[in-house]
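Okay, so here's the structure we're looking at.
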Amino acid sequence: MITKLVFATNNKHKLEEVRHIISGKTEILSLAGIDCCDDIPETAGTLEGNALLKARYIKLQYGYDCFADDTGLEVEALHNAPGVYSARYAGEGHDAEANMNKLLCQMQGQSNRKARFRTVIALIIKDKEYVFEGIVNGSIVTDKRGEAGFGYDPLFIPDTYTLTFAQMGNELKNLISHRALAVKQLAAFLSTLSAE
Ligand code: ITT
């Protein structure tokens with residue numbers, strides 16, 4: 001049974017979302033929880049590659065069983081940009097506001113607003129690696145809407161909804177999001193290990 005797992009993230013929103021879904025038997029430690037302040041490299045060209053890089057780094061340097069996620073917003077009209085570069089779309093050191101402003105600018109006059117959020121989770125347990133993926137399809141609005149969530153949430157409406165992730169609030173977002181879909185797979189996998 002897996003009683004402790006490190007989630008290799010510095011993003012407190014992600015940590016909250018994941019702890020909310022994986023509650024109960026497995027304690028989720030943050031990077032702060034293992035005194036890791038390292039700037040973990042995210043230099044791969046794909047979400048899968050970055051998630052694996054982060055998880056392998058923690059396993060190698062700290063020895064913990066762990067998982068990491070990498071998430072990207074993939075916009076069809078922009079050939080899937082910002083994708084793996086979502087965090088630094090407006091350049092290194094820029095924040096979510098700057099990233100959203102750049103995206104709105106790139107999408108000006110664009111009639112194809114289709115986009116998807118994609119999360120890839122890499123898990124390492126006892127030196128074996130596993131990958132889980134969650135995708136939510138939706139569209140990009142023309143102005144920022146809502147205060148909840150983080151990152152690009154004010155710009156994204158999931159299909160079959162009328163509110164952006166930032167308008168619907170964390171409770172609903174956490175039920176339907178790309179990360180929730182990937183984390184549910186992770187949780188189901190962990191429960192099969194618990195049963196062993
Ligand atoms: P870690 O690498 O420490 O986990 P991060 O914030 O760098 O945290 P990612 O590289 O996975 O996270 O995220 C890339 C970008 O996508 C970043 O700008 C986030 O704000 C954004 N993002 C990730 N998940 C999101 C979500 O659920 N809703 C909106 N934006 C999100």
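Angle, helix 96-106 long axis vs. longest principal axis of the chain, Cα atoms, 0 to 90°, nearest 10?
Once rounded, the angle reads 40 degrees.
Can you send over the solvent-accessible area of I121, 1.4 Å probe, protein chains only, in Å² to the nearest 10?
Solvent-accessible area, nearest 10 Å²: 0 Å².
Any idea what the relative contact order of the chain is, in percent, if you count C-alpha pairs under 8 Å spaced at least 6 apart?
On the way: 365 pairs, mean separation 38.0, N = 196.
Here the relative contact order equals 19 percent.
For T142, T160, T46, T26, write out the residues from largest to smallest accessible area, computed with a 1.4 angstrom probe and no ligands counted.
The residues order as T160, T142, T46, T26, largest area first.
For the Cα atoms of the chain, what angle does the longest principal axis make with the long axis of helix 47-62, in degrees from 0 to 90, nearest 10?
Compared with the principal axis, the helix lies near 30 degrees.
Accessible area of C105, 1.4 Å probe, to the nearest 10 Å²?
80 Å²
What's the FRET efficiency of N137 with S23 using the Cβ-Cβ distance as r and R₀ = 30 Å, to the nearest 0.05?
0.65
Show which lysines lie in cross-link reach of K59 when reach means a straight Cα distance below 24 angstrom and same-chain residues fewer than eight apart are skipped.
Qualifying lysines at Cα under 24 Å: K4, K12, K14, K25, K126, K128, K184.
Taking only C-alpha pairs under 8 Å that are 6+ residues apart, what is the relative contact order of the range 85-196 in percent?
Numbers: 164 pairs, mean separation 24.2, N = 112.
Answer for the range 85-196 is 22 percent.
At a probe size of 1.4 Å, how large is the accessible area of L78, to the nearest 10 Å²?
The accessible area comes out at roughly 30 Å².
When a/c reaches 1.5 or more, the comparison of a/b and b/c decides; with that in mind, is the range 106-187 rounded, prolate or oblate per its Cα gyration tensor? Let's see the in-between values first.
On the way: a/c = 2.78, a/b = 1.92, b/c = 1.45.
The shape class here is prolate.
So which residue, out of K144, K59, K102, gets the largest mean-square fluctuation from a GNM of the chain using Cα contacts under 10 Å as springs?
Top of the fluctuation ranking is K102.
Name the residues whose placed amide hydrogens come within less than 5 Å of the amide hydrogen of L29, ignoring near sequence neighbours (fewer than 5 apart) on the same chain.
Residues meeting the amide H criterion: L5, V6, F7.
Restricting to DSSP H runs of at least four residues, report the calculated mean residue ellipticity at 222 nm for the chain, -39500 (n - 2.57) per run over all residues, nearest 500 deg cm²/dmol.
Computed ellipticity for the chain at 222 nm equals -10000 deg cm²/dmol.
Springs between alpha-carbon pairs under 10 angstrom, Gaussian network model over the chain: which of A98, A68, A166 fluctuates most?
Result: A98 has the largest fluctuation of those listed.
Can you tell me the 0 to 90 degree angle between the C-alpha axis of helix 178-195 and the longest principal axis of the chain, rounded to 10?
On a 0 to 90 degree scale, this one is about 20.
Accessible area of the chain with a 1.4 Å probe: how many percent of it is carbon plus sulfur?
Here carbon and sulfur together make up 50 percent of the probe-accessible area.
Can you work out the accessible area per residue across the chain, with the rest of the protein chains kept in place, probe 1.4 Å, in square angstrom?
Using a 1.4 Å probe on heavy atoms only, each residue of the chain averages 50 Å².
To the nearest 20 debye, what charge dipole does the chain have about its Cα centre, counting +1 at the Cβ of each Lys and Arg and -1 at the Cβ of each Asp and Glu? Please list the in-between numbers first.
On the way: 21 positive and 25 negative charges, 64 e Å.
Charge dipole of the chain: 300 debye, to the nearest 20.
The values are calculated or read from the model by the stated rules, or taken from the named source; none is laboratory data. All values reported here derive from a predicted model rather than from experimental measurement. In this analysis, Cβ positions are derived from the backbone assuming ideal geometry, glycine residues included, and neighbour counts consider all displayed protein chains. With ligands, DNA and RNA removed, areas are computed over all heavy atoms of the protein, side chains included. Shrake-Rupley method; radii C 1.70, N 1.55, O 1.52, S 1.80 Å.
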